[in-house]
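To keep things clear, I will list the structure first and then write my remarks on it.
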Amino acid sequence: MELLRNRQIKKRQRRQRRHYHIRHKVVGTHERLRLAVFKSNKHIYCQIFNDMENKCLCGVSTLTPSIRQKIAEEKEKAKKEGKKFTKTDQARLVGEKIAELAKEKGVEKVCFDRGGFKYHGRIKALADSARKGGLQF
């Protein structure tokens with residue numbers, strides 16, 4: 001049991017170290033804002049920051065009411081078809097929504113801050129759907 005806990009702590013520390021190094025390279029300016037992503041075991045969070053003014057322009061997560069409603073509808077639809085609506089699919093919805101909100105705010109170019117997470121799975125799905133929505137990385 002002790003070994004498992006140590007492994008989990010080391011894994012979290014490695015992610016935080018990667019995030020720290022990435023944050024010193026990725027800075028959101030007026031021309032190119034920062035699109036930051038965080039994922040937990042259940043949810044995924046996404047925000048657009050202007051680091052020069054220390055402001056968050058917009059944010060979306062799987063806890064946002066409009067996204068929650070969409071997820072519930074998609075889960076029902078998938079259940080009827082005999083499929084599953086995965087967390088990766090939820091990340092795609094979040095990516096589409098953040099791109100939509102960014103367009104409303106007049107943001108077209110962003111730099112992607114993956115938060116120390118590997119560019120794979122849910123992070124990649126969110127980034128790809130944000131690109132499809134019109135954001136340029």
Please report, in debye to the nearest 20, how large the charge dipole of the chain is about its Cα centre when each Lys and Arg carries +1 at its beta carbon and each Asp and Glu carries -1 there.
900
Note the full-extension length gain between residue 4 and residue 119 as 0.36 nm times their separation in residues minus their Cα-Cα distance, in nm to one decimal.
38.9 nm
Above-threshold pairs, the threshold being 28 Å between Cα atoms, out of 80/118; 97/118; 42/118:
80/118
Just how far, in whole angstrom, is the range 31-50 from the range 57-120 if you go by their alpha carbon centroids?
11
Just one of (1) 88, 36, 24; (2) 49, 47, 21; (3) 34, 33, 31 is Cα extents along the principal axes in Å calculated from these coordinates, so which is it?
(2)
If we count trypsin sites (Lys or Arg not before Pro) as exposed when they sit in a DSSP loop and have at most 15 other beta carbons within 10 Å, what is the longest stretch of the chain that avoids them all?
1-41
Positive end of the dipole of the chain, charges at C-beta (+1 Lys, Arg; -1 Asp, Glu), about the Cα centre: which of 134, 27, 16 has its Cα farthest in that direction?
16
Considering only Cα-Cα distances, which of the following residue pairs are longer than 32 Å: 10/105; 55/84; 25/77; 10/124?
10/105; 55/84; 25/77
Given backbone amide H placed at 1.01 Å from N, residues whose amide H is under 5 Å from that of residue 111, ignoring those fewer than 5 places away on the same chain, are 33, 34, 35
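Enumerate the helices in the chain for which the Kyte-Doolittle hydropathy averages -1.0 or more and the C-alpha atoms extend at least 24 Å along the helix's axis, using complete DSSP H runs. It would help to have the intermediate numbers written out before the result.
Details: long enough: 2-25 (35 Å, -2.48); 87-105 (27 Å, -0.89).
Counting only whole DSSP H runs, the qualifying helices are 87-105.
Looking only at the range 2-132, where both bridge partners belong to it, what percent of the DSSP beta bridges are antiparallel (to the nearest 5)?
Approximately 75 percent, going by the DSSP bridge assignments.
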Tally Lys and Arg at +1 and Asp and Glu at -1 over the other residues with C-beta under 10 Å from the C-beta of residue 39: what net charge comes out?
+4
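A short reminder: the numbers here are calculations on the coordinates, not readings from a lab. This is a predicted model, so every value here is computed, not measured. All Cβ positions, glycine included, derive from the backbone under ideal geometry; neighbour counts span all protein chains shown.
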